[in-house]
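A.B. asks: Got a structure for you, written out below as structure tokens; questions coming shortly.
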Amino acid sequence: MAILPNSASRDFPICRVPIIQSVPWFVNLILICDDLLLLAGRRRFGEARLLADGIVTTDEVAALKARSTAAARLARRATAKVTSLRRRIARRQRIAEWNRRGRWRPLIAIAAAKYGVSARGLHRMMMLESGGRRTAGTLYKGLFQYHPSTWRASWNPWRRQSIFDGWAQIRATAYAIRRGMGPSQWPNTYRMAF
């Protein structure tokens, strides 16, 4: 709640500003500052009257306006960050859901775009290697039929993930193809897919 001076009686009645519990404290500060400026400057007292009565000084009004502007800027930045984080979280949740359900096409499209390889070629190679089954294979395993020692090698940033994790295999394969490892890793299917 904000306190506004009453120019007639010089006491401090309470100005009721709704405090919103679900937003950060600085958003409430902005609402309070804006309400104070609105009430003090336009509705009831008028900035000139407050200044003339000696209730506030020009420095206090300028400081309040500066704080209000800074708080509004901070709120815009925080809102932009929250929006960005929400988008990133939603994207990761979609990716996890696609991986869980075995929907490989959107995951292949994301990895292909990131590493600059052909999504169609990557999908074709996956179908040739495993038929799109993440648990395919005995000696060679997963969507792209990696040997366990190849999967655990230092070239693979996802080597600590399960060899049966489809999203990890898709990213690792796109990364390997980008590095020029396609013909040596998949000597038969790489040429047919790409």
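The values are calculated or read from the model by the stated rules, or taken from the named source; none is laboratory data. Bear in mind that the values here come from a model prediction, so they are computed numbers and not experimental data. Here the Cβ is made from the backbone with ideal geometry for all residues, glycine too, and neighbour counts use every protein chain on show. Protein only, heavy atoms only, side chains kept; ligands, DNA and RNA dropped before computing areas. Shrake-Rupley method; radii C 1.70, N 1.55, O 1.52, S 1.80 Å.
A.B. asks: Taking the conditions exactly as written (touching a residue at least 12 places away in the same chain (Cβ under 8 Å) and over 22 Å from residue 162 (Cβ atoms)), does residue 73 satisfy them or not?
C.D. replies: no
A.B. asks: Among the candidates 143, 128, 107, which residue alone is over 23 Å from residue 188 (Cα atoms) and out of contact with any Leu (no Cβ under 8 Å at 6 or more places or on another chain)?
C.D. replies: The conditions single out 107.
Matching residues to (1) more than 17 Å from residue 98 (Cβ to Cβ); (2) in a helix (DSSP H, G or I); (3) open to solvent by 60 Å² or more (accessible area, probe 1.4 Å):
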| position | (1), (2), (3) |
| --- | --- |
| 149 | yes, yes, yes |
| 156 | yes, no, no |
| 159 | yes, no, yes |
| 164 | no, no, yes |
| 168 | no, yes, no |
| 177 | yes, yes, no |
| 180 | yes, no, no |
| 191 | yes, yes, yes |
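A.B. asks: Every residue in region 132-144 that is over 13 Å from residue 99 (Cα atoms), without any contact (Cβ under 8 Å) to a residue 24 or more places away in the chain and surrounded by 14 or more Cβ atoms within 10 Å (Cβ to Cβ), please.
C.D. replies: Passing the criteria: 136, 137, 140, 141.
A.B. asks: Right, something else. If I go through region 92-126 residue by residue, how many of them are more than 30 Å from the chain's Cα centre (by Cα) and open to solvent by 90 Å² or more (accessible area, probe 1.4 Å)?
C.D. replies: Selection size over region 92-126: 1.
A.B. asks: Same structure again: In region 60-91, how many are closer than 30 Å to residue 142 by Cβ and open to solvent by less than 80 Å² (accessible area, probe 1.4 Å)?
C.D. replies: So the answer is 1.
A.B. asks: Those residues that are of a type in the set (Lys, Arg), farther than 16 Å from residue 132 by Cα and either within 29 Å of the chain's Cα centre (by Cα) or modelled with pLDDT under 95 (or both), I need them from region 151-190; list them, please.
C.D. replies: 159, 160, 178, 179
A.B. asks: Report whether or not residue 77 is basic (Lys, Arg), part of a helix (DSSP H, G or I) and at pLDDT below 65.
C.D. replies: For residue 77, the condition - basic (Lys, Arg), part of a helix (DSSP H, G or I) and at pLDDT below 65 - is not met.
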